[in-house]
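Notes to accompany the following structure.
The values are calculated or read from the model by the stated rules, or taken from the named source; none is laboratory data. These numbers were taken from a predicted model, which means no experiment stands behind them. Every residue, glycine among them, receives a Cβ derived from its backbone with ideal geometry; neighbour counts consider all protein chains shown.
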């Protein structure tokens with residue numbers, strides 16, 4: 001009986017090895033798809049409710065000019081991430097990066113949304129030295145900018161997705177932002193990157209500064 005089972009096992013291995021490469025590729029691809037399934041939200045700790053930014057990573061290029069911390073009173077939640085920057089001289093340039101890696105299991109279009117709160121007067125800077133934000137998505141094929149924001153003392157402007165959606169938003173209230181990413185995300189390891197900048201102002205024009213709250217990030221397949 002053992003010999004018969006061994007014979008059939010060897011026969012299966014032999015037939016598998018003899019199969020065309022396309023058959024093997026299809027088999028492994030099918031197994032890989034079953035092992036990898038996208039969650040309803042590709043991002044973890046999306047509302048910073050763990051009282052930590054992990055698995056987000058904060059990378060301050062100029063640590064003395066920018067900062068981040070978890071604060072209370074988020075968007076319909078207990079916590080949010082507050083980011084700040086201050087540039088007191090013309091030659092200072094606050095630049096920081098917040099990012100999170102995620103694995104994409106399905107090639108296609110995706111939507112990104114989040115909530116933002118900019119207090120009145122919390123952003124200072126004259127054009128073209130306004131505080132701003134750029135949003136990028138990196139995938140195995142490269143990277144692309146998906147949105148930009150420019151902040152002022154009484155409002156802020158957004159240019160998001162493609163076709164580009166442009167809007168002006170009020171301060172002192174939570175604003176829900178959303179967009180369809182302008183290109184497909186490829187399968188594999190990917191990264192969402194949020195950069196914010198706080199340029200120094202010309203001499204005599206005051207400080208460049210920015211303080212705002214981020215919350216409720218969602219990255220999901222487009223419908």
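Check whether at least one residue in region 197-216 is in the same structural domain as residue 102 (by TED's automatic domain parsing), in a loop (DSSP other than H, G, I, E, B) and closer than 21 Å to residue 47 by Cβ, and report yes or no. There is no residue in region 197-216 that is in the same structural domain as residue 102 (by TED's automatic domain parsing), in a loop (DSSP other than H, G, I, E, B) and closer than 21 Å to residue 47 by Cβ.
For residue 152, are the conditions met, namely being without any contact (Cβ under 8 Å) to a residue 60 or more places away in the chain and more than 28 Å from residue 102 (Cα to Cα)? So residue 152 passes the test. From the list 145, 173, the lone residue that is under 21 Å from residue 83 (Cβ atoms) and free of Cβ contacts under 8 Å to residues at least 12 places away in the same chain is 145.
Residues that are at pLDDT 90 or above, in a loop (DSSP other than H, G, I, E, B) and touching a strand residue (DSSP E or B) at 6+ places or on another chain (Cβ under 8 Å) within region 46-72 comprise 46, 47, 48, 49, 53, 55, 56, 65, listed in sequence order. One residue stands out among those in region 99-126 that are more than 30 Å from residue 203 (Cα to Cα) and crowded, with 18+ Cβ neighbours inside 10 Å: the one that is nearest to the chain's Cα centre (by Cα), which is 100.
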